[in-house]
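Structure first, then comments.
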Amino acid sequence: MATPTLDKMEAAAAASPYITVTFRIRRYNPEVSAEAEWQDFQIEIDPKERVLDGLHKIKWDLDGTLTFRRSCAHGICGSDAMRINGKNRLACKTLIKDINPEKPITVEAIKGLTVMKDLVVDMEPFFQAYRDVMPFLVTKGNEPTRERLQSAEDRERFDDTTKCILCAACTSSCPVFWNDGQYFGPAAIVNAHRFIFDSRDEAGEQRLEILNDKDGVWRCRTTFNCTDACPRGIEVTKAIQEVKRALITRRF
Amino acid sequence: MKIHKYDTVIVGAGGAGMRAAIEATKRSRTAVLTKLYPTRSHTGAAQGGMAAALANVEDDNWEWHTFDTVKGGDYLVDQDAAEILAKEAIDAVLDLEKMGLPFNRTPDGTIDQRRFGGHSRNHGEAPVRRSCYAADRTGHMILQTLYQNCVKEGVEFFNEFYVLDQLLVEVDGVKKSAGVVAYELATGEIHVFQAKAVIYASGGTGKFFKVTSNAHTLTGDGQAACYRRGLPLEDMEFFQFHPTGIWRMGILLTEGARGEGGILRNKDGERFMEKYAPVMKDLASRDVVSRSIYTEIREGRGCGPAGDHVYLDLTHLPPEQLDAKLPDITEFARTYLGIEPYTDPIPIQPTAHYAMGGIPTNVEGEVLADNTTVVPGLYAAGEVACVSVHGANRLGTNSLLDINVFGKRSGIAAAKYAAENDYVELPENPAQQVADLVEHLRNSTGTERVADLRLELQETMDANVMVFRTEQTIKTAVEKIAELRERYKNVSVQDKGKRFNTDLLEAIELGNLLDLAEVMAVSALARKESRGGHYREDYPNRDDVNFMRHTMAYREVGADGKDSVRLDYKPVVVTRYQPMERKY
Ligand SMILES: Cc1cc2nc3c(=O)[nH]c(=O)nc-3n(C[C@H](O)[C@H](O)[C@H](O)COP(=O)(O)OP(=O)(O)OC[C@H]3O[C@@H](n4cnc5c(N)ncnc54)[C@H](O)[C@@H]3O)c2cc1C
Ligand code: SF4
Ligand code: FES
């Protein structure tokens with residue numbers, strides 16, 4: 001059993017791990033002012049900690065009014081997508097050391113959705129687009145008594161898109177979505193993909209028709225922002241391409 | 001204040017709440033109130049799987065599953081409930097598959113199954129493959145699938161509504177549920193939901209520990225709302241410490257990792273579980289493994305400069321297997337520890353994981369006001385509830401099962417009750433208690449801070465009522481909690497606004513944690529035995545003569561207005577299995 005990484009890690013932990021970091025946060029609270037503004041906070045933090053830990057430190061020790069969503073703190077609930085140093089990420093999956101802490105770390109709300117307060121945006125339009133693609137299994141005929149059979153290969157076909165946590169990092173990094181909030185956006189297409197390519201599902205045609213709409217997949221300009229943003233490592237652009245191809249060939 | 005009227009109101013949109021909603025919505029006008037967007041619920045964090053004796057890959061049956069559940073729970077399980085759990089497991093899994101859940105598959109195309117701690121063939125002979133899973137994100141798939149089906153059924157959600165009070169009204173000498181009071185995060189407005197039936201599905205309460213696998217939002221709000229209104233809480237001293245949390249962070253690494261062949265090792269590289277559980281080894285039940293880890297640490301065989309953790313070793317498993325079966329947890333190790341699990345072992349320590357106790361219910365999900373009387377119109381399911389199918393220690397994969405079986409049952413039962421009964425009239429000023437609490441916190445000029453009190457609480461709990469407990473440590477905790485509850489009266493928040501005031505809600509959540517921590521510590525102090533997750537070094541043996549009974553904790557308010565915890569006990573339901581010594 002090898003332990004080299006650990007020994008290194010432990011040696012590093014023995015020295016004082018704390019560094020001083022500036023968080024530059026885009027603040028907005030319409031109860032106080034109609035204008036958003038940047039505010040700097042300095043905190044002492046272990047660079048191996050998460051950006052979320054930094055935000056908590058600020059909220060808990062410096063300014064209780066700082067407002068953001070979070071729950072699980074390890075990248076599975078999708079609450080805390082935000083723009084960190086200009087890129088969409090989950091605050092709980094981004095370690096301070098990985099984002100150049102020598103310079104101020106900028107944190108702002110994701111773009112394209114209305115900011116409600118500080119880092120909190122209105123998620124309703126995002127979830128509405130999701131609901132509009134029929135994100136549920138549709139089957140015809142009688143229910144079998146046991147499970148429906150599915151081969152491991154058929155199951156694998158849509159594995160990637162089942163990982164989505166609906167964090168909106170992709171959709172809110174998409175320039176098409178910024179310009180036109182009517183566009184379904186990558187997350188909705190990812191979730192349509194998850195069913196279109198599920199061998200058990202029988203509503204692929206209907207979903208494809210929905211996405212054939214003027215606000216559907218054809219708006220995608222293949223900028224790959226979404227794939228870069230996805231904290232679950234989903235190949236979002238590829239999924240969108242597969243949906244486009246299915247629309248042309250009607251084979252899926 | 002706004003008043004809403006629904007037949008059925010469900011508090012919480014995790015697995016239990018949404019499973020209930022799918023049933024209740026078909027049968028009654030239903031609203032789901034949830035403090036998180038449904039897909040943010042912590043069910044999504046569950047990794048390993050959901051137990052059901054499908055027998056898809058090897059011989060298995062529900063009776064073996066019942067036995068394992070009873071034994072795993074150290075005979076504090078109500079055996080009639082465990083039997084229902086194990087029997088209905090099979091349909092619960094098949095229901096989910098039909099709803100679209102993408103389970104991993106066998107070469108035949110059926111649902112694949114794997115091993116999990118405490119689940120055995122023929123009453124303990126050998127581990128059995130009973131856990132149905134979708135890689136190491138089974139909970140994520142359950143949560144998504146249930147939400148998808150809620151969308152399909154048109155379930156009505158009130159997202160980011162915090163339920164803070166349970167309305168109980170006495171009608172002809174019987175305490176009945178009249179509805180709930182909720183606080184809307186976006187606006188600060190208070191809403192009263194009058195309902196014929198209310199189902200609590202608001203999840204666990206792990207956030208009173210520091211090292212925990214639980215989300216920040218798991219603050220026991222539902223348990224606290226009911227407790228404050230005089231309803232009992234059952235078996236709150238039983239909390240599960242999962243053996244494999246990421247060192248210092250508590251993020252869970254599923255038992256499925258050991259199910260796939262992962263091994264626990266001490267600083268000498270020794271596979272120490274062979275000493276403590278010769279048959280099940282690394283897959284012994286969780287309380288046993290957690291204690292073994294701490295025994296290794298205490299006896300100086302822990303790893304690292306402080307000797308405060310052990311290793312989960314996956315390095316002998318083929319990378320393809322890790323990628324296929326454990327992709328998420330291996331990524332956690334890379335992201336949060338900078339470790340490559342293909343080649344390096346992962347430092348772990350036990351992490352506070354699951355509340356076995358909660359709001360007492362019968363097998364229909366009806367909430368109990370005492371040992372036998374139900375509260376008409378009030379239901380609970382999931383981690384917030386105590387049926388009790390988990391007894392003193394829950395087996396892995398039995399909670400995802402619990403939320404599905406008892407979520408469904410309570411959804412059906414509540415809607416039926418709503419169809420057959422009328423509204424209970426609301427009390428005068430139904431929102432008073434919540435309005436007072438919110439006003440008090442918003443206007444307080446006190447000097448105590450939420451973050452300080454919470455941290456002190458968490459440190460006390462970790463130090464004194466975790467894996468090992470003694471009279472001395474528990475007393476220390478009880479005193480500290482009393483001090484913190486006193487200081488809490490003097491707490492203030494910085495955010496005085498109405499809009500998305502999470503500062504205020506964190507203060508309210510802390511109040512809930514403090515009340516529940518007190519119940520836990522007081523219940524633990526009185527239980528002078530060791531059973532399942534409750535281990536007393538001063539009473540290391542199980543004592544069936546005096547303690548094979550459930551704890552029922554009630555809030556009592558004295559003449560001086562001071563509150564305290566009163567304990568009572570409830571017999572365990574025993575059907576097939578007489579208590580035996582628990583060996584793995
Ligand atoms: C990391 C991890 C891994 C796990 N792995 C497994 C596993 O492999 N197998 C297994 O069987 N079990 C597992 N468990 C346990 C299991 O996942 C949980 O016990 C179960 O999911 C709880 O479901 P629930 O529906 O009761 O609560 P949750 O999913 O926690 O949902 C609670 C809901 O209540 C809402 N809520 C809370 N308070 C309020 C309030 N005041 N007002 C309104 N709404 C409120 C929340 O918004 C949320 O929607 C795991 C647990 C953890 C933490
Ligand atoms: S596809 Fe990725 S980035 Fe987009 S919502 Fe899903 S998880 Fe988030
Ligand atoms: S807090 Fe859950 S994803 Fe970050």
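Miscellaneous remarks
- Note that segment A:56-61 has calculated 3J(HN,Hα) couplings of 5, 4, 5, 5, 7, 10 Hz, one per residue in order, obtained from phi through the Karplus relation 6.51 cos²θ - 1.76 cosθ + 1.60 (θ = phi - 60°); glycine and proline are x.
- What separates the Cα centres of segment B:386-422 and segment B:179-242 is a distance of 16 Å.
- Between B:Glu63 and B:Glu581, the modelled label-to-label distance comes to 2.6 nm, taking each label 7 Å out from Cα in the direction of the beta carbon.
- Once the Cβ-Cβ distance of A:Thr145 and B:Lys5 is raised to the sixth power relative to R0 = 25 Å, the FRET efficiency obtained is 0.05.
- Within a Gaussian network of chain A (alpha carbon springs, distance under 10 Å), most fluctuating of A:Leu66, A:Leu113, A:Leu137: A:Leu137
- For q = 0.15, 0.17 Å⁻¹, Debye-computed log10 I/I(0) when each Cα of segment B:41-178 counts as one equal scatterer: -0.85, -0.97
- About the Cα centre, charge dipole magnitude for segment B:242-351 (Lys/Arg +1, Asp/Glu -1 at Cβ), debye: 380 debye
- DSSP bridge analysis restricted to the protein assembly as shown gives an antiparallel fraction near 70%, rounded to the nearest 5.
- Ratio of the Cα radius of gyration of chain B to 2.2 N^0.38 Å, where N counts its residues: 0.91
- Close amide-amide hydrogen proximity is noted between B:Tyr569 and B:Met552, each under 5 Å apart and 5 or more residues distant or on a separate chain (H modeled in the peptide plane; Pro and chain starts excluded).
- Against the empirical curve 2.2 N^0.38 Å, the C-alpha radius of gyration of segment B:371-420 lands at a ratio of 1.25.
- For segment A:1-157, the residue among A:Leu137, A:Pro101, A:Leu62 whose Cα projects farthest onto the positive side of the dipole built from Cβ charges is A:Leu137.
- Chain A: angle of helix A:236-249 to the longest principal axis, Cα-based, in degrees nearest 10: 10 degrees
- Positive-end ranking of B:Ala477, B:Val467, B:Leu516 along the dipole of segment B:432-538, with charges on Cβ about the Cα centre, is headed by B:Leu516.
- Just so you know, the averaged projected area of the alpha carbon convex hull for segment B:432-538 sits at 7.4 nm².
- Accessible area expressed per residue, segment B:242-351, with surrounding protein chains retained (probe 1.4 Å, Å²): 31 Å²
- Taking 4 °C and 1.567 mPa s as conditions, chain A diffuses translationally at an estimated 64 µm²/s according to Stokes-Einstein applied to its Kirkwood radius (Cα pairs).
- Cα centroid of segment B:459-480 to Cα centroid of segment A:145-206, whole Å: 48 Å
- Ordering B:Ile251, B:Met273, B:Tyr294 by Cα displacement along the dipole of segment B:242-351 toward the positive end leaves B:Tyr294 in first place; charges were set at the Cβ atoms of Lys, Arg (+1) and Asp, Glu (-1).
- Taking all pairs of distinct alpha-carbon atoms in segment B:113-175, Kirkwood radius in angstrom: 16.4 Å
- Across all Cα atoms of segment B:242-351, the radius of gyration (one decimal) and Dmax (whole number) stand at 12.6, 37 Å.
- Candidates A:Glu156, A:Glu143, A:Glu202: whichever shows maximal mean-square fluctuation once chain A is modelled as a Gaussian network with Cα springs under 10 Å: A:Glu143
- Residues of segment A:114-141 that bury at least 10 Å² of accessible area when the other protein chains are present, relative to the chain alone (probe 1.4 Å, heavy atoms, ligands and nucleic acids excluded): A:Met116, A:Lys117, A:Val120, A:Met123, A:Glu124, A:Phe127, A:Tyr130, A:Arg131, A:Pro135, A:Phe136, A:Leu137.
- Among B:91-102, A:182-193, B:490-501, the peptide with the highest mean count of other Cβ atoms within 10 Å heads the list, and the full ranking is A:182-193, B:91-102, B:490-501.
- Taking one quarter of the surface of the convex hull spanned by the alpha-carbon atoms of segment A:15-121 gives a direction-averaged projected area of 6.7 nm².
- In degrees, nearest ten, helix B:502-526 long axis to first principal axis of chain B (Cα): 60 degrees
- J(HN,Hα) series, segment B:553-562, from Karplus relation 6.51 cos²θ - 1.76 cosθ + 1.60, nearest Hz, glycine and proline x: 9, 10, 8, 10, 10, x, 4, 7, x, 7
- With protein chains left intact and a 1.4 Å probe, residues in segment A:15-121 average 39 Å² of accessible area per residue.
- Protection proxy ranking, peptides B:505-514, A:40-49, A:27-36, average beta carbon neighbours within 10 Å, highest first: B:505-514, A:40-49, A:27-36
- Unsatisfied cross-links (Cα-Cα over 23 Å) in the set A:Lys57/A:Lys103; B:Lys210/B:Lys475; B:Lys207/B:Lys475; B:Lys35/B:Lys196; B:Lys267/B:Lys475: B:Lys267/B:Lys475
- Within chain B, percent of DSSP bridges classed antiparallel, to nearest 5: 70 percent
- For segment B:432-538, carbon and sulfur atoms together expose 50% of the accessible surface, with a 1.4 angstrom probe and every protein chain in place.
- Cα extents for segment B:60-99 along the principal axes, largest to smallest and rounded to whole angstrom: 34, 18, 13.
- In terms of overall dimensions, the protein assembly as shown has a Cα radius of gyration and Dmax of 25.3, 78 angstrom.
- 5 angstrom amide H check on B:Val374, placed H, neighbours 5+ away: B:Ala369
- Remark on B:His4: its backbone amide H falls under 5 Å from those of B:Val192, B:Phe193, B:Gln194, a criterion applied only to residues 5 or more positions apart or on other chains, H modelled at 1.01 Å from N.
- Rg and Dmax of segment A:129-170, Cα atoms only, in Å: 13.8, 40
- Projected onto their three principal axes, the Cα atoms of segment B:467-523 cover extents of 45, 21, 14 Å, largest first.
- Shielding by other protein chains, A:75-87, mean Cβ within 10 Å: 4
- Accessible area (Å², 1.4 Å probe, nearest 10) - B:Leu317: 20 Å²
- Euclidean distance between Cα centres, segment A:56-104 to segment A:19-36, Å: 13 Å
- Among B:451-460, B:191-200, A:68-77, sorting by the average number of other beta carbon atoms lying within 10 angstrom of each residue, highest first, gives B:191-200, A:68-77, B:451-460.
- Peptide A:165-178 has a mean of 1 when you count, residue by residue, the C-beta atoms of other protein chains within 10 Å of its C-beta.
- By the Cβ distance rule (another cysteine Cβ under 4.7 Å), the unpaired cysteines of chain A are A:Cys92, A:Cys164, A:Cys167, A:Cys174, A:Cys220, A:Cys230.
- Considering only segment A:15-121, percent of DSSP beta bridges that pair antiparallel, nearest 5: 85 percent
- About the centre of its Cα atoms, the protein assembly as shown shows a dipole size close to 1160 debye [charges on the beta carbon of Lys, Arg (+1) and Asp, Glu (-1) only; nearest 20 debye].
- Given charges at beta-carbon only (K, R positive; D, E negative), |dipole| of segment B:68-218 in Debye: 560 debye
- Taking every alpha-carbon pair under 8 Å whose residues sit at least 6 apart, segment B:432-538 reaches a relative contact order of 37 percent.
- Here the Karplus curve 6.51 cos²θ - 1.76 cosθ + 1.60, taken at θ = phi - 60°, turns the phi angles of segment B:538-549 into couplings of 7, 9, x, 10, 6, 10, 6, 5, 9, 10, 7, 7 Hz, with x standing for Gly and Pro.
- Taking both sides together, the accessible area buried where A meets B is about 6200 Å² for a 1.4 Å probe.
- Apolar share of the accessible surface for chain A: 49 percent from carbon plus sulfur atoms, 1.4 Å probe.
- Note on B:Asp563 and B:Ala306: the model spin-label points, each 7 Å out from Cα along the C-beta direction, lie 3.5 nm apart.
- Square roots of five times the Cα gyration tensor eigenvalues for segment A:212-252, Å: 20, 12, 7
- In degrees, nearest ten, helix B:286-298 long axis to first principal axis of chain B (Cα): 70 degrees
- Cβ neighbours within 10 Å from other chains - mean over B:108-116: 3
- Each 5 Å bin, from zero up to the one with the longest distance, holds this percent of the alpha carbon pairs of segment B:295-396: 2, 11, 14, 12, 10, 11, 10, 9, 9, 7, 3, 0.
The values are calculated or read from the model by the stated rules, or taken from the named source; none is laboratory data. Note that the structure is a prediction, hence the values are computed from the model and not measured. We place every Cβ from the backbone using ideal geometry, glycine too, and count neighbours over all the protein chains shown. Areas reflect the complete protein model, heavy atoms only, side chains present, ligands, DNA and RNA absent. Shrake-Rupley method; radii C 1.70, N 1.55, O 1.52, S 1.80 Å.
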